[in-house]
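Have a look at the structure below before the remarks.
Derivation of every value follows stated rules applied to the coordinates shown; laboratory data play no part. Being a predicted model, the structure only gives us computed values, none of them experimental.
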Ligand SMILES: CC(C)(COP(=O)(O)OP(=O)(O)OC[C@H]1O[C@@H](n2cnc3c(N)ncnc32)[C@H](O)[C@@H]1OP(=O)(O)O)[C@@H](O)C(=O)NCCC(=O)NCCS
């Protein structure tokens, strides 16, 4: 197994492992109930799930968290973590990432997205009207990166927000406003939950963007 990086990000400890992994070799490092769950998954989902659990376990060990129970899933699909810990997982074809932190009342989320190939056709689904207007002001070669960054940050926000709202949140319910090199997050939640405050972070690692978010109810 190859650890791509293990680092402190603003919202927690982040560990990334390279995919694909040798599932036979890794299976033995998982909790027996995690191994059993992994066997229920189809081939398309199993490698990412195992990679995410390996990244989670590694990150939790680095926070000195005791790992007695299996890291399965909540009814909402988020990783089920030990008491007192918040965390999130994301995986794409080449990488699985986990973000964990001591619970502080905030939700945290992580997302990883492959930069290639460009898929600009997702823009109408991901962007609000104001974000689309901003996109139109950019040079053509900057547009895909803008859309993908917003997509990834919104997915990280979704995971951080989910413990509070426990429902599907559409991309149009969150707007990201660029100002120089900072970003502000505005919520337009259709159920009027909140108010929430969000902080975000993102960086590029090789061929992927890794975004993270922390959401707090004010
Ligand atoms: C759930 C969702 C965010 C997952 O994103 P994805 O790009 O498909 O997949 P990722 O690899 O990034 O993330 C998958 C992980 O998300 C986590 N996850 C799933 N549902 C979750 C939830 N409700 N809350 C938090 N985390 C969740 C799981 O850990 C899952 O990995 P695992 O099953 O291996 O443990 C996405 O499928 C989704 O439903 N998005 C809703 C719309 C949205 O993002 N809106 C943004 C506006 S805020």
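Structure values in brief
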item	result
Spatial separation of Cα centroids for segment 129-143 and segment 1-38, in angstrom	36 Å
Three-way shape call for segment 142-181 based on the alpha-carbon gyration tensor, with the a/c threshold at 1.5	prolate
Degrees separating the helix 140-165 axis from the principal Cα axis of the chain, which is the longest one	60 degrees
Cα-only Debye scattering, segment 111-217: base-10 log of I(q)/I(0) at q = 0.11 Å⁻¹	-0.32
GNM result for the chain, Cα springs below 10 Å: residue of 201, 91, 168 fluctuating most strongly	168
Of 165, 126, 97, the one that fluctuates the most in a GNM where the chain has Cα springs shorter than 10 Å	165
Listed residues 42, 107, 84, most fluctuating in the chain (Gaussian network, C-alpha, under 10 Å)	42
Helix 43-62 axis, angle to the chain major axis (alpha carbon atoms, nearest 10°)	80 degrees
Stokes-Einstein D for segment 3-104, Kirkwood Rh over Cα pairs, 10 °C, 1.306 mPa s (µm²/s)	118 µm²/s
Scattering profile of the chain at q = 0.10, 0.17 Å⁻¹ [log10 I(q)/I(0), Debye over alpha-carbon scatterers]	-0.44, -1.22
Separation between Cα centres of segment 46-105 and segment 195-218, rounded to whole Å	17 Å
Over the chain: helical MRE at 222 nm, DSSP H runs n ≥ 4 each giving -39500 (n - 2.57), nearest 500	-10500 deg cm²/dmol
Relative contact order %, the chain, counting alpha carbon pairs below 8 Å whose residues are six or more apart	18 percent
